[in-house]
Amino acid sequence: MSQRELEFTDELGPEKIVYIYEPRTTLRAILVIDNVAAGPSIGGIRMVEDGSSEETFRLARAMTLKNAAAGLAHGGGKSIILADPKMAKADKEVLIRAFACAIADIKDYIPGPDMGTNEECMAWIRDEIDRVVGLPREVGGIPLDEIGATGFGLAVACKVVSEESGMPLKGARVAVQGFGAVGKHAARFLAEQGSLLVAAADSSGTLIDGRGFDVQALIEYKNQGKPLCEYPHGEKHDIDAIIDVECDIWIPAARPDVVRDDNVNRLKTRIIAEGANIPIAPSAEEVLWKRGIHVIPDFIANAGGVICAAVEYHHGNQSMAMETIKETISRNTKQVFKASQEANVSPRSAAIKLATERVKQVMTFRR
Ligand code: NAD
């Protein structure tokens, strides 16, 4: 750790920052292991051209809190491979395999997929070392994006808040920003409980129909690789219009920082379930809380993916994963909702306190 990086350190971590350079393959990577009190850290491998130790640390810390909140016997870590994720597959395989070899002896880090890496990359890692999550079904994985693990967890979180706040899910109007692995399954599981998908956005624009879409038909259409703005039904608007849609549940499931101080007051919703990581700036979240809009923070609401990965790592199956997601996210959302109301603090503050206390508690078991 360099002098500057020591500034990241606090009561939880980070425990290790490792820089990896392998001249033959030109692999350059950063690995941060934040906290391993509960067990070996789990966290994805992101492949991006630019990334810093600070960014890797922030992502690793988010995993520490997410894994602790989910009650997993795993700490938090994260790695960034500094490379173009769109490179030729053969070149990507060389880099991923080199990365796997480089971390072979760093046993307190279990890698998984993240932006720029997928289950096939995890299978290459599995071929080199014995610790990895997010594998293809053929080699014992539970394909979490295919089954919609994260979207399922978001729907569970929405159900809890709808019950606690007296707003039935049946008939609730839902708007989803980002209609990919997370967003479309969240819409599907909410529709199964009688909610109406009134708007969805992808990188082509926003599609709106106040009467509600046939979610299954929209998913099938999207699975053909077609853009939402060419769908034959509904009104087409620009990409930003999803923020203005009047709804009961708004789900950001695309990118970080989409809601900020300059656009937060355009949101007209009652509940927000954060599918993406850090989709709302902290100051904008405070504004929403003061307006009485209930935000379910990312590391509580979108933990379905990592819970599924942990069940896979411990040789569980798909139905065990879904059951664990339901139980864990339902319990945590209830607890955060209650703590936020009782202490009169934002749900994020309540959730951070809850997760930090859990990490500190397991730290007392360690030397
Ligand atoms: P994905 O690539 O499958 O889907 C992303 C979707 O967002 C696509 O439909 C894309 O067109 C759309 N999009 C991109 N930019 C947009 C914009 N500015 N406005 C509207 N739509 C836009 O990705 P995913 O796996 O669904 O992940 C979505 C987010 O959730 C990411 O931030 C990811 O880090 C986070 N996340 C994913 C998981 C998981 O299990 N996949 C778990 C936790 C968090």
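Annotation note: Cβ proximity below 6 Å between a residue of region 207-229 that is more than 20 Å from GLY151 (Cα to Cα) and a residue that is more than 12 Å from the ligand (Cβ to nearest atom) and of a type in the set (Asp, Glu) (sequence gap 6+ or interchain) occurs for ILE208/GLU235. The residues of region 150-186 that are more than 16 Å from the chain's Cα centre (by Cα) and in a helix (DSSP H, G or I), listed by number, are LYS159, VAL160, VAL161, SER162, GLU163, GLU164. Among the residues of region 314-367, those identified as polar (S, T, N, Q) and assigned to a loop (DSSP other than H, G, I, E, B) are ASN317, ASN344, SER346, THR364. Filtering GLU220, GLU235, GLU286 for residues that are buried (at least 17 other Cβ atoms within 10 Å of the Cβ), more than 11 Å from the ligand (Cβ to nearest atom) and farther than 18 Å from ALA172 by Cα leaves a single hit, GLU286. Filtered by the rule that a residue be within 14 Å of the ligand (Cβ to nearest atom) and either acidic (Asp, Glu) or touching a Gly at 6+ places or on another chain (Cβ under 9 Å) (or both), region 246-257 gives ILE251, PRO252, ALA253, ALA254, ARG255, ASP257.
Close Cβ contacts (under 8 Å, 6 or more residues apart or on different chains) running from residues in region 32-53 that are outside the structural domain of THR9 (by TED's automatic domain parsing) to residues that are basic (Lys, Arg) are absent. Taking VAL198, is it within 16 Å of the ligand (Cβ to nearest atom), more than 22 Å from the chain's Cα centre (by Cα) and buried (at least 17 other Cβ atoms within 10 Å of the Cβ)? Judged against the criteria, VAL198 is a match. Does ARG211 fit the bill of being over 20 Å from PRO279 (Cα atoms) and within 16 Å of the ligand (Cβ to nearest atom)? Here the answer is no, as ARG211 does not meet what is asked.
From the set of residues in region 107-116 that are crowded, with 18+ Cβ neighbours inside 10 Å and at pLDDT 95 or above, which is nearest to the chain's Cα centre (by Cα)? Only one residue fits best here, namely GLY112.
The values are calculated or read from the model by the stated rules, or taken from the named source; none is laboratory data. Just so you know, these numbers come straight off a predicted model, no measurement behind them. With ideal geometry, Cβ positions are generated from the backbone for all residues, glycine too; neighbour counts draw on all protein chains shown.
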